[in-house]
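Working notes, beginning with the structure itself.
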Amino acid sequence: MKNASSTQNSSYNALGRHIEKHQIDREGQPYNRTRFLWDGLRMIQETGPNHPTSLYIYTDQNSYEPLARIDTDGNQEQHIRYFHTDLNGCPEELTDENGKILWECSFQLWGKRIHEIEYEPIEQNLRYQGQYLDRETGLHYNTFRYYDPDIGRFTQPDPIGLLGGFNLYQYAPDELTWIDPLGLAALYDIGTYGSLNGTKHVGDNLQAHELIRHEYLKQLGLADKARLSSNPSIALDLDHHTRSPSKDSRGIGGVHYHEAQIRAEKGLGRNQFASTIKEELDITSEALRRAGVPEEKIGILRKKSERFYKKISKC
């Protein structure tokens, strides 16, 4: 990126993680160099000329919601700053150990700044979960692409293509309750078991769930040990997929938990199935419903699964 007086260069590693940015003056000399350190796909440290080295702490090991940051400036003592976020994890205030507000910002819908106040010379660039404000461009770095808060859209198409939906630049259906920390597949995306587990989905922290169980197809002689890559599936996180109510952050339980409950209610064991495909799909659809998956998504997945079953069973 260039302006009248300088050029900005950014460097990325093989996983697409932003590891450095700096500016180059008219004489070709670099300045304002900022470096980023990562733990997996979460930024955990930044070091730059205009701020101390900051180590980021998140609310838990699977979260992108910031809890605190530890600032160190040379040989001076460390200072702990605490994030205060909205209901969707976007920082609104940064305070010190005594609760004094050091920074605050209010935002319009989709993340555009209304006003930002620094009560002390401290820079705070975290935005929506997984986003980092690049002040030189005004864009939010979102791991696999950049997000423009002025228009509420990504500036590059979805790297997973049409599997993420027809709108390749959409951030999320609702910024108040949805997040997209990686700029990848969204929760409840529908595809096939093969596509949702493909290389384009590496790092999205979602799992493919088949509405027609693989074990069911095996018992009917329609599949062997290998999963059928064309089996229609839905992308679920751990809460919606495999966790029990006690481990689910929502306290509801995932689809596997509810499917086992429904089968037990019908006098069936874990790998005992209904006598017809309709009854079997009734069970697996109800499990998704109890796990909190939207009805619209269940309906789409069921129709695709019915067509898939009709094709492979030739009935």
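Bear in mind these aren't lab numbers, they're just calculated from the coordinates by the rules spelled out. If you're wondering where the values come from, they're calculated on a predicted model, not measured in any experiment. Note: ideal-geometry Cβ built from the backbone for every residue, glycine included; neighbour counts use all protein chains shown.
Numerical summary
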{"read-out": "Calculated FRET value between GLN29 and ILE252, using beta carbons and R₀ = 51 Å, to 0.05", "value": "0.35"}
{"read-out": "Selection from ILE114, GLN207, SER313, by position along the positive dipole direction of the chain (Cβ)", "value": "SER313"}
{"read-out": "Segment 187-313: C-alpha gyration tensor shape, a/c 1.5 cut-off, then a/b vs b/c", "value": "oblate"}
{"read-out": "Using alpha-carbon coordinates, inclination of helix 277-290 to the longest axis of the chain, degrees", "value": "30"}
{"read-out": "Residue of ILE44, ILE300, ILE212 that the Gaussian network model of the chain assigns the largest fluctuation, springs spanning Cα pairs under 10 Å", "value": "ILE300"}
{"read-out": "Computed E for ARG153/LYS218 - FRET, C-beta separation, R0 35 angstrom, nearest 0.05", "value": "0.20"}
{"read-out": "Trypsin sites (Lys or Arg not before Pro) restricted to DSSP loop in segment 16-114 with at most 13 other C-beta within 10 Å", "value": "ARG26, LYS100, LYS112"}
{"read-out": "Student exercise, segment 187-313 dipole from Lys, Arg, Asp, Glu Cβ charges, in Debye to nearest 20", "value": "280"}
{"read-out": "Estimated dipole of the chain in Debye, rounded to 20 [Cβ of Lys and Arg +1, of Asp and Glu -1, Cα centre]", "value": "1940"}
{"read-out": "Expected 222 nm ellipticity per residue - DSSP helices of 4 or more, -39500 (n - 2.57), all of the chain, to 500", "value": "-5500 deg cm²/dmol"}
{"read-out": "Along the chain, longest interval not containing exposed chymotrypsin sites (Phe, Trp or Tyr not before Pro), exposed being DSSP loop plus at most 16 other Cβ atoms within 10 Å", "value": "179-315"}
{"read-out": "Cα lying deepest toward the dipole's positive end in the chain, options ILE70, ALA226, SER54, charges on Cβ", "value": "ALA226"}
{"read-out": "Sparsely packed trypsin sites (Lys or Arg not before Pro) within segment 213-315, loop by DSSP, other Cβ within 10 Å at most 15", "value": "LYS225, LYS247, ARG250, LYS266, ARG270, LYS314"}
{"read-out": "Proximal charge balance of GLU104 [Cβ under 10 Å; K/R count +1, D/E count -1]", "value": "-4"}
{"read-out": "Electrostatic dipole magnitude of segment 1-116 [Cβ: Lys, Arg +1; Asp, Glu -1; Cα centre; debye, to 20]", "value": "580"}
{"read-out": "Cα-based shape type of the chain, given that a ≥ b ≥ c are square roots of the gyration tensor eigenvalues and the cut on a/c is 1.5", "value": "prolate"}
{"read-out": "Computed lengthening from ILE70 to ALA14, 0.36 nm per intervening residue step minus Cα-Cα distance", "value": "17.4 nm"}
{"read-out": "Helix axis angle, 295-313 relative to the chain longest principal axis, alpha carbon, degrees", "value": "50"}
{"read-out": "Cα-based reach from LYS304 at 27 Å (exclusive), listing lysines while leaving out same-chain residues under 8 positions away", "value": "LYS200, LYS218, LYS225, LYS266, LYS278, LYS314"}
{"read-out": "Three-way shape call for segment 7-148 based on the alpha-carbon gyration tensor, with the a/c threshold at 1.5", "value": "rounded"}
{"read-out": "Karplus (6.51, -1.76, 1.60) ³J(HN,Hα), θ = phi - 60°, over segment 254-259, in Hz, Gly and Pro reported as x", "value": "x, 5, 5, 4, 6, 5"}
